[in-house]
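Everything on this sheet refers to the single structure shown next.
Bear in mind that the values in this text are calculations on the coordinates, not laboratory data. Note that the structure is a prediction, hence the values are computed from the model and not measured. So basically every Cβ, Gly included, is an ideal-geometry build from the backbone, and we count neighbours across all protein chains shown.
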Amino acid sequence: MANIVVIGGGLSGLATAFELERVAAERGLPLSLTLIEKSERVGGKAWTWEEGGFRCETGPNGFLDSKPDTLDLCERLSITPHLLRASAAAAKRFIFSEGRLHQLPTSPAGFFLSPLLSVRGRLRVLTEPLTGMVPEGLDETVASFGRRHLGSEAVRKLLGPMVSGIFAGDPFALSLQSCFPIMHEIERDGRGSLVIGMLRRMRKSRPQAKGKGGGPAGPGGVLTSFPEGIEFLIRSLAGAVRGRVLTGAQVAAISREGSGWRVQAQVGGAEETLPADVLIVAAPAYGAAAMLDPVDDALAALLREIPYAPVSVVALGYRRAEVAHPLDGFGFLIPVEEGKTILGCLWDSSMFTGRAPEGHVLLRAMVGGARKPELAGLPEEALLRAVRGDIGDIMGIKAEPVLAKVFRHPRAIPNYNVGHARRLERIAARLAGLPRLILTGNAYHGIGINDCTRRARAVAAEAMNLLT
């Protein structure tokens, strides 16, 4: 009987535990699995909060169906019939700039007709095919990459808000190679030009199936969730794991034991010692650092170098009759130069059905991020006042909300700043001296749901190979 301990019960830990048991069953390997989660519930930031008919995501609101990883997981969990794709209205996305909302263009012609960029800014984009290559091996920031290809105005009005919406990060610090590896590859294919690189890829690739290019989620697929919210995936995973799932359990110590590991945990007021032939740490990087410091302080120091951006999520529910805006889209993002408190606002009830009771709408604003971290920590009354002020100015909503709820994430999203790829190499080198210890989670190879579910399969296969 092989023993595996997984520390961390967020999406990565749960998906890894599920895949471990699935692969072990396929290989006929008897497996004893224990998952340890310090909080009283599993799922981490993937939590769907409900009150008075409102259904609000406190963290991620879905995944894109253009990648197979989470869809395949849903198939293995037998929950594919429960999938809910975003409405067609969510295809429209907006940027707030210079006092008004601008719809993001969806075609080259629309881009050059849009007033979002000035005429000079649009003409600058036309020079993109002339962009040169950066030196091989240079870890370039997203902002530097954007300036070279599109110009400073596009960085300010397009790339900056996009980076805030995905990473809550700073485009002048985030690594292009680590955050957007596909863009890095396209540039290489085009020998410095994104336009040429994309054209070459289009000629090489097969025509995509209808309905998969673009769609309600914008480029790359359709945003997908569940009628009950993303927590339905968490509950399905937790229910499918046959091993022990210990919540409210605190890891007290980790140490080597023979060729494997030993984990001492506080479970329900009692101490328990768990042997592990393979130990998988799926906690956030800072949590993993605290646990592994006595084992390898150099590894722990590397993990502590991974920064996290703070974010507060503010959910506001209104009566539909008191909101004049059509809410005909996904929502909007805001360049930091506009001086607003919020990073952006998602129109959740326009994206998915069942997010607000009949005759009401649900809006969700994000505050903080790497460029305005102090705003995420505003006192609740001041935070709500500032958010309502921004939404009132931008969308013309003056009514009192019938629902106002704040969810705080002091360390919400890991930021892959310049040097992240090199740091991962150094982490891998330290792990090479710690056999049968595996790190996973969204701090390393992708922050999205698809990234976590893809990595879960890879980690399960790695663990099984170590055992067999």
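Quick look at the values:
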| read-out | value |
| --- | --- |
| Segments 330-338, 132-140 sorted - mean Cβ within 10 Å per residue, highest first | 330-338, 132-140 |
| Net charge, K372 excluded, C-beta distance under 13 Å - Lys, Arg +1, Asp, Glu -1 | -3 |
| Lysine pair number, Cα distance threshold 18 Å (strictly under), the chain, separation 8 or more or different chains | 10 |
| Assigned charges on the beta-carbon of Lys, Arg, Asp, Glu; region 234-360 dipole about Cα centre (debye) | 440 debye |
| Net dipole in debye of region 1-45 [+1 Lys, Arg Cβ; -1 Asp, Glu Cβ; about Cα centre; nearest 20] | 100 debye |
| Ranked list, fewest to most other Cβ atoms within 10 Å of each Cβ, for V267, V222, V142 | V267, V222, V142 |
| Local electrostatic count, C345, Cβ distance below 12 Å [Lys/Arg +1, Asp/Glu -1] | +1 |
| Relative exposure of I4, I427, I449, judged by other C-beta atoms within 10 Å (fewest first) | I427, I449, I4 |
| Unit charges on C-beta of K, R, D, E only; dipole of the chain, Debye | 1300 debye |
| Ranked by how many other beta carbons lie within 10 Å on average, peptides 110-122, 35-47 from highest | 35-47, 110-122 |
| Theoretical ellipticity at 222 nm over the chain - DSSP helices of four or more residues, -39500 (n - 2.57) apiece, nearest 500 | -10000 deg cm²/dmol |
| Within-13-Å neighbourhood charge of S164 [Cβ basis; K, R +1; D, E -1] | +2 |
| Order of I447, I166 - criterion: other Cβ atoms within 10 Å of each residue's Cβ, fewest first | I166, I447 |
| Cβ-based charge dipole, the chain, positive-most Cα from A365, V195, S312 | V195 |
